[in-house]
Amino acid sequence: MGVVVVLGSHTAGKSSLVRRFQIKQPKALLVDTDREISHDFGGNLYNVFLALTVKADSTMAAALIEQRERELLRQLQQLDRPCLIAAGPLIPTREPEWSEFLHAVSPVCFFFRLSAVDMYTGLKRRRGRHRASGMASILNFGSWDHHLATQYNPETETWDSLTEIESLPLIEAFLSQVNPVYEKACQSFRIYDSANVRGDKRLQRDLEEAFEYYLDAQPATKPVPAPALAEAKTGASRASILRRGLSEAVRTIVPSSCRGSDSVLLSTLPSMELVRKCIDPKNVPLKAPMWLDNFDWNVDTADLSTVK
């Protein structure tokens with residue numbers, strides 16, 4: 001039994017590979033940290049920004065994400081079964097929780113490295129998919145890429161896409177901060193170019209087999225890649241997971257004067273109604289517009305675009 005963590009920045013392909021592994025190993029415990037911390041926002045971080053960004057201010061969204069990531073790292077220290085984790089880009093920057101998690105679990109870490117150009121392209125393509133699904137007219141669309149590939153336009157009250165020339169210095173600065181943290185957690189032979197991971201089917205199979213070996217899941221049908229096997233002989237640290245629900249939510253960052261008895265009412269937010277539904281979805285019938293992946297709320301897209 002072991003724990004494997006896949007590290008990398010935005011659009012590095014971590015979640016996609018982990019989902020493919022889940023199809024082959026349905027009994028394996030898999031944790032996508034982005035989905036875990038946004039579980040009551042439809043399992044997508046962009047919905048946190050849609051709900052909690054106020055004009056150019058995304059402080060509320062960032063604070064909620066940070067609080068939940070720290071709590072999740074504390075929970076993951078209690079692992080008691082094999083677990084494959086796709087870690088959000090900022091998970092390894094949450095100290096001291098990240099270091100405490102590494103000490104408690106001693107996971108095997110893989111790093112999918114992105115170039116600034118590849119990350120810019122990935123972010124642009126992702127926004128394009130969101131736009132094609134009907135999200136472009138929604139208040140705060142694009143706010144989740146702030147400081148990387150979008151900026152707030154106060155005249156139109158929208159988040160405009162930056163050009164590649166404008167975006168690359170911001171992305172390079174971000175990568176210069178997070179990449180050393182990723183690299184520190186990994187052996188050099190477990191660092192892979194993200195473009196190769198996405199485009200090389202053989203490499204994907206090799207990685208899946210390495211995950212399988214470290215997790216002690218079902219026996220691999222092919223030999224584990226030599227570097228992974230050599231590392232595994234030293235004995236991966238055993239650990240365990242306690243997958244508790246993340247009950248702590250917005251109340252940790254909202255003043256008590258703004259709280260209601262049954263739900264959190266953020267009277268100062270332009271998207272107050274959406275926030276109420278996010279925090280207390282049980283009051284809303286089960287119906288989801290297509291752009292809200294996995295939402296269990298009846299939130300009409302047209303209504304959202306007009307919420308002020």
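The values are calculated or read from the model by the stated rules, or taken from the named source; none is laboratory data. Every value quoted in this text rests on a predicted model; they were computed, and no experiment measured them. Virtual Cβ from ideal backbone geometry, glycine too; neighbours counted across all protein chains shown.
Which residues, taken from segment 14-48, are within 19 Å of residue 63 (Cβ to Cβ) and of a type in the set (Ser, Thr, Tyr)?
Residues satisfying the conditions are 33, 38, 46.
Condition first: surrounded by fewer than 24 Cβ atoms within 10 Å (Cβ to Cβ), more than 11 Å from the chain's Cα centre (by Cα) and under 22 Å from residue 148 (Cβ atoms). Now tell me which residues in segment 1-12 satisfy that.
Listed by number, the list is empty, since nothing qualifies.
Looking at (1) surrounded by fewer than 18 Cβ atoms within 10 Å (Cβ to Cβ); (2) not in a helix (DSSP H, G or I), which one does residue 148 not meet, given that it meets all the others?
Going through the list (1) surrounded by fewer than 18 Cβ atoms within 10 Å (Cβ to Cβ); (2) not in a helix (DSSP H, G or I), residue 148 breaks only (1).
Going through 102, 114 one at a time, which residue ends up being surrounded by fewer than 21 Cβ atoms within 10 Å (Cβ to Cβ), touching a residue at least 60 places away in the same chain (Cβ under 8 Å), closer than 30 Å to residue 22 by Cβ and not acidic (Asp, Glu)?
Numbers: 114 fails: surrounded by fewer than 21 Cβ atoms within 10 Å (Cβ to Cβ).
Sole residue among the options that is surrounded by fewer than 21 Cβ atoms within 10 Å (Cβ to Cβ), touching a residue at least 60 places away in the same chain (Cβ under 8 Å), closer than 30 Å to residue 22 by Cβ and not acidic (Asp, Glu): 102.
Yes or no: residue 175 of a type outside the set (Ser, Thr, Tyr), surrounded by 14 or more Cβ atoms within 10 Å (Cβ to Cβ) and over 16 Å from residue 142 (Cα atoms)?
Yes.
Could you grab the pairs with beta carbons closer than 7 Å, sequence gap of 6+ or different chains, first residue in segment 16-28 and of a type in the set (S, T, N, Q), second one surrounded by 12 or more Cβ atoms within 10 Å (Cβ to Cβ) and modelled with pLDDT under 85?
These pairs meet every condition: 22/28; 25/217.
Looking at this structure, is residue 100 assigned to a helix (DSSP H, G or I) and under 12 Å from the mean Cα position of the chain (by Cα)?
On the way: assigned to a helix (DSSP H, G or I): yes; under 12 Å from the mean Cα position of the chain (by Cα): no.
When the stated conditions are applied, residue 100 does not pass them.
Just for segment 27-63: of the residues that are out of contact with any Lys or Arg (no Cβ under 6 Å at 6 or more places or on another chain), of a type in the set (Val, Ile, Thr) and in a helix (DSSP H, G or I), which one is nearest to residue 93 (Cα to Cα)?
Applying the filter and picking the extreme gives 33.
Does residue 66 satisfy being within 12 Å of the chain's Cα centre (by Cα) and assigned to a helix (DSSP H, G or I)? Explain how you work it out, then say what you get.
Values: within 12 Å of the chain's Cα centre (by Cα): yes; assigned to a helix (DSSP H, G or I): yes.
Yes.
Would you be able to tell me the number of residues in segment 80-95 that are under 19 Å from the mean Cα position of the chain (by Cα) and over 17 Å from residue 32 (Cα atoms)?
Kept after step one, since they are under 19 Å from the mean Cα position of the chain (by Cα), are these residues of segment 80-95: 83-95.
Next cut, over 17 Å from residue 32 (Cα atoms) only: 95.
Result for segment 80-95: 1.
Looking at residue 167, is it in contact (Cβ under 8 Å) with a residue 12 or more places away in the chain, more than 29 Å from residue 84 (Cα to Cα), polar (S, T, N, Q) and in a helix (DSSP H, G or I)? Spell out the reasoning first.
Values: in contact (Cβ under 8 Å) with a residue 12 or more places away in the chain: yes; more than 29 Å from residue 84 (Cα to Cα): yes; polar (S, T, N, Q): yes; in a helix (DSSP H, G or I): yes.
Spelling it out, residue 167 is indeed in contact (Cβ under 8 Å) with a residue 12 or more places away in the chain, more than 29 Å from residue 84 (Cα to Cα), polar (S, T, N, Q) and in a helix (DSSP H, G or I).
Quick one: in segment 25-44, of everything that is surrounded by 21 or more Cβ atoms within 10 Å (Cβ to Cβ) and within 16 Å of residue 135 (Cβ to Cβ), which residue is nearest to the chain's Cα centre (by Cα)?
Across segment 25-44, the extreme among qualifying residues is 38.
Mind listing just one residue for me: the one in segment 162-172 that is out of contact with any helix residue (DSSP H, G or I) (no Cβ under 7 Å at 6 or more places or on another chain) and crowded, with 16+ Cβ neighbours inside 10 Å and, of those, farthest from residue 7 (Cα to Cα)? Please lay out each step first, then the result.
First, the residues of segment 162-172 that are out of contact with any helix residue (DSSP H, G or I) (no Cβ under 7 Å at 6 or more places or on another chain): 162-163, 165-166, 169-170.
Filter once more, so that each one left must be crowded, with 16+ Cβ neighbours inside 10 Å: 162, 170.
On the way: 162: 26, 170: 20 Å.
Looking at the filtered set, the residue picked out is 162.
Which of the residues that make up segment 4-26 are among the hydrophobic types (A, V, I, L, M, F, W, C), touching a Leu at 6+ places or on another chain (Cβ under 6 Å) and not in a loop (DSSP other than H, G, I, E, B)? Give the steps one after another, and end with the answer.
Step one: of segment 4-26, the residues among the hydrophobic types (A, V, I, L, M, F, W, C) are 4-7, 12, 17-18, 21, 23.
Pick out the ones that are also touching a Leu at 6+ places or on another chain (Cβ under 6 Å) and you get 4, 12, 18.
Hits for segment 4-26 are 4, 18.
Give the residue that is farthest from the chain's Cα centre (by Cα), with candidates limited to residues of segment 13-24 that are among the polar types (S, T, N, Q) and at pLDDT 85 or above. Write out each step before concluding.
Start the filter on segment 13-24 by keeping residues that are among the polar types (S, T, N, Q), which leaves 15-16, 22.
Still in the list and also at pLDDT 85 or above: 15-16.
Numbers: 15: 8, 16: 12 Å.
Among residues in segment 13-24 that are among the polar types (S, T, N, Q) and at pLDDT 85 or above, the one farthest from the chain's Cα centre (by Cα) is 16.
So, residue 141, is that one of a type in the set (Phe, Trp, Tyr), touching a helix residue (DSSP H, G or I) at 6+ places or on another chain (Cβ under 9 Å) and not in a helix (DSSP H, G or I) or not?
On the way: of a type in the set (Phe, Trp, Tyr): yes; touching a helix residue (DSSP H, G or I) at 6+ places or on another chain (Cβ under 9 Å): yes; not in a helix (DSSP H, G or I): yes.
Considered against the rule, which asks whether it is of a type in the set (Phe, Trp, Tyr), touching a helix residue (DSSP H, G or I) at 6+ places or on another chain (Cβ under 9 Å) and not in a helix (DSSP H, G or I), residue 141 comes out as yes.
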